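The values are calculated or read from the model by the stated rules, or taken from the named source; none is laboratory data. Here the structure is a predicted model, which means the values were calculated and not measured. A quick note on method: Cβ atoms are made from the backbone with ideal geometry, for glycine too, and the neighbour counts reach across all protein chains shown. Accessible surface is based on the protein model in full, side chains and every heavy atom, while ligands, DNA and RNA are left aside. Shrake-Rupley method; radii C 1.70, N 1.55, O 1.52, S 1.80 Å.
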Amino acid sequence: MTKPPLLLSGVPGSPYTRKMVALLRYRRIAYRLVQSGTGVPSLPMAKPHLLPTFYLPGPDGALQAVTDSTPLIRRFETEHAGRQVPPADPALAFVDALLEDFADEWLTKAMFHYRWTYAADIQKAKDVLASWLSQPLDDAALQQYAEKVADRQIPRLRYVGSNPTTQPVIEAGYLRVLTLLEDHLRTHRFLMGHRPGASDFGFYGQLTQLVQFDPTPMAVAVAHAPRVCGWVAVTEDLSGLEPTDGNWLAADTLSDSLPDSLRALLAEVGQLYVPLLLANARALAAGQTELQTHIKGTIWVQQTFAYQAKCLAWLRRDYAALPAPARATVDRILAGTGCEALFGDLP
Ligand SMILES: N[C@@H](CCC(=O)N[C@@H](CS)C(=O)NCC(=O)O)C(=O)O
């Protein structure tokens, strides 16, 4: 029996919406996207309300609002066969999950930072974001909504840790990630080889905004990473790709064959994201509402984020669950990248 299309709501300016729509297209899972920033009126609202929201049948058959792209990708693996996204090899699948988390939780800082820091980016976001509501608005209503969105989003820069002190770290990190991805794409079609993993969709989602919408990071990408610009456009619709088992990065000898570009990307994860994950977990364990750490030698202060403690717990759980040989491979891959600190003792 054919399954009914999955129903979801989201908007084009939401990187996680883009991540999931591209994933559904690649997996050839039929879907219906309601382009809405406020959910589907007749259906339950997710708490907290996040985009995208999926409306999936619960145990009693009634539709439930479900959010969070990372576990949803895994759920869809069990509910829809074929065109698997997490790599078959457990060591490579772990690397994939780590990179996906980095894209979702770190690269999004660059996205949010650029959009709401520079005048040209703010102006474009204000002018266009309101039009993504896909309902007709006259000029006055559009203007009013645009101001409302900006007034709401600009103060939220502090939640992602963007401020004049951290600005150079965020921007240098973005450029470095672009350069490493560009390097990788010289010899591979995707992060995970010649077929996409979950990390590919994570990076794709954030990059739809950074490389294709916001003018300041877009200019950086055009100047330094033309392959990345092409890759983002292609990854939007991979429904025609015919992946084979042999398209993954060679998993058996992963530690030796892992491309230098991917290793360098993991070292970037180790320097940019790992200190934050650990400081966040420490601060939460100590009952603090603010975390403080150093990232690339710069002081980093931001509000604690309970969700990222969950991300760390998931990574630690998945690492602990790896079969011993795969864990040894992961250890070899991550040695010296800074990512190995994720699995040490926590406070
Ligand atoms: N971890 C979630 C994050 C989703 C998320 O943060 N979505 C943003 C939009 S891109 C959102 O809805 N933010 C709350 C808001 O704008 O009110 C996922 O992977 O789906």
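At 1.4 Å probe size, with the rest of the protein present, what percent of the exposed accessible area of region 6-79 is carbon and sulfur atoms? Walk me through the numbers before you get to the answer.
Details: 1970 of 3300 Å².
That share works out to 60 percent.
Count charges around VAL169 for me, please; just the other residues with Cβ under 14 Å from its Cβ, Lys/Arg as +1, Asp/Glu as -1. Display every interim value, and only then the final one.
Working: positive: LYS109, ARG176, LYS296; negative: GLU171, GLU268.
Here the count lands on +1.
Rolling a 1.4 Å sphere over the protein heavy atoms, what is the accessible area per residue of region 90-343, to the nearest Å²? Present the calculation step by step, with values, prior to reporting the outcome.
Numbers: 10450 Å² over 254 residues.
With the other protein chains kept in place, region 90-343 gives 41 Å² per residue.
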Scanning the chain for helices, which whole DSSP H stretches are 20 Å or more long along the axis (Cα) and average -0.5 or more by Kyte-Doolittle? 167-184, 306-320
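Can you tell me what share of the DSSP beta bridges in the chain is antiparallel? A percent to the nearest 5 is fine.
On the way: 15 of 20 bridges.
In the chain, DSSP labels about 75 percent of beta bridges as antiparallel.
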Give me the number: length gained by fully extending GLN64 to THR165, i.e. 0.36 nm times residue separation minus the C-alpha to C-alpha distance, one decimal in nm. 32.2 nm
Among 159-166, 94-101, 197-204, how do they line up from the highest to the lowest mean number of other beta-carbon atoms within 10 Å? 197-204, 94-101, 159-166
Compute log10 of I(q)/I(0) for the chain with the Debye formula, placing one identical point scatterer on every Cα and leaving out solvent, at q = 0.16 Å⁻¹, to two decimals. -1.65
Using the basic label-point model (7 angstrom from Cα toward the beta carbon), what is the THR187 to ARG316 distance in nanometres? 3.5 nm
Return, ordered by residue number, the residues of region 194-222 whose backbone nitrogen is under 11 Å from a label point located 7 Å along Cα→Cβ of GLU236. 208-209, 212-213
May I ask you to compute the full-extension gain from ALA341 to ASP245, defined as 0.36 nm times their residue separation minus their alpha-carbon distance, rounded to one decimal in nm? 31.4 nm
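Express in nm, to one decimal, how much length is gained between GLN153 and GLN292 on full extension, taking 0.36 nm for each residue of separation and deducting their alpha carbon distance.
Length gained, GLN153 through GLN292: 47.8 nm.
Please compute the net charge surrounding SER239, taking Lys and Arg as +1 and Asp and Glu as -1 over other residues with Cβ under 14 Å from its Cβ.
Working: positive: ARG25, ARG27, ARG28, ARG83, ARG195; negative: GLU236, ASP237, GLU242.
Residues near SER239 contribute +2 overall.
Suppose every Lys and Arg Cβ carries +1 and every Asp and Glu Cβ carries -1, with no other charges. What dipole size does region 90-343 come out with about its Cα centre, to the nearest 20 debye?
Details: 21 positive and 28 negative charges, 134 e Å.
Here the size comes out at about 640 debye.
Within the set of other residues whose C-beta is less than 14 Å from the C-beta of ASP345, count the net charge using Lys and Arg as +1 and Asp and Glu as -1.
Values: positive: ARG282, ARG316; negative: GLU340.
Charge balance in the 14 Å sphere: +1.
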